[in-house]
Amino acid sequence: MPETNAENPRQPAAPTPERPAVRTLDARSLRGLAHPLRMRMLAALRHEGPATASQLAERLGESSGATSYHLRQLAAHGFVEDAPGHGKGRERWWQAVHQGTAFDETLMYDEADPQTRGAADAFLHELATIHTQELSTWLGDSHNWPREWRAATDMSDFTLRLTPAQATELIHKVHDLVNSYRDLPQAENTETVRFHTHAFPRHGTA
């Protein structure tokens, strides 16, 4: 979602241990999510569990007023909800409703609704920014990790000659393989691992 906000371009199947609950964006929910702070707050709730507006504000370097407002907007669009059983005071705890988000690329080509196209563009560019920042954070902090973890990371790219159908098939196979690792038994040295996948055509033959 999936922890990131656009991991699965397919229509998601029913949730199973291998297929976590995924929210498919429509035009309205896309416009409700396509804001940098909302996307980062939703990712934080998915990655780290329930939190209050104040906790998210401290974590993300924002004011609690801003996080409170954007949590209410996320709730209005069905992305977050109250987290029962957390906290004893008046402060409200929130949790993510879904574990991931599916993006429908047709939202980028809705000629009748420029606002939706703009939201789609903002959503995808912010997602790319988040991926870049996560990778940069790892590179800056990698020396603090044990050698076995530094050896267990990857930053590769590949250039293939594919048809659209073959590219789609490969993307689906990669997603299925990653999802098959979700519920492995937890070993003593288990850590949270982030996988980014980017696939896109480009002009040229190399």
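The values are calculated or read from the model by the stated rules, or taken from the named source; none is laboratory data. Every value quoted in this text rests on a predicted model; they were computed, and no experiment measured them. When we count neighbours, we look across all protein chains shown, and the Cβ atoms used for this are built from the backbone with ideal geometry, even at glycine. Ligands, DNA and RNA are excluded from the accessible area calculation, which covers all protein heavy atoms including side chains. Shrake-Rupley method; radii C 1.70, N 1.55, O 1.52, S 1.80 Å.
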Highest-first arrangement of 23-31, 165-173, where packing means the average Cβ count within 10 Å: 23-31, 165-173
Top positive-direction residue, dipole computed over the chain with Cβ charges, set Phe123, Leu107, Thr52: Thr52
Nearest-10 value in Å² for the accessible area of Ser68, using the 1.4 Å probe: 40 Å²
Most positive-pole-ward Cα, Trp149, Ala165, Gly78, against dipole of the stretch 61-166 from beta carbon charges: Trp149
Highest-first arrangement of 40-53, 191-204, where packing means the average Cβ count within 10 Å: 40-53, 191-204
For the chain, convex hull of alpha carbons as volume per residue, Å³: 166 Å³
Long-range amide H partners of Ala102 with built H, under 5 Å: Arg23, Thr24, Leu25
Inter-label distance for Glu62 and Phe195, nm, one decimal - labels placed 7 Å from Cα along Cα-to-Cβ: 2.9 nm
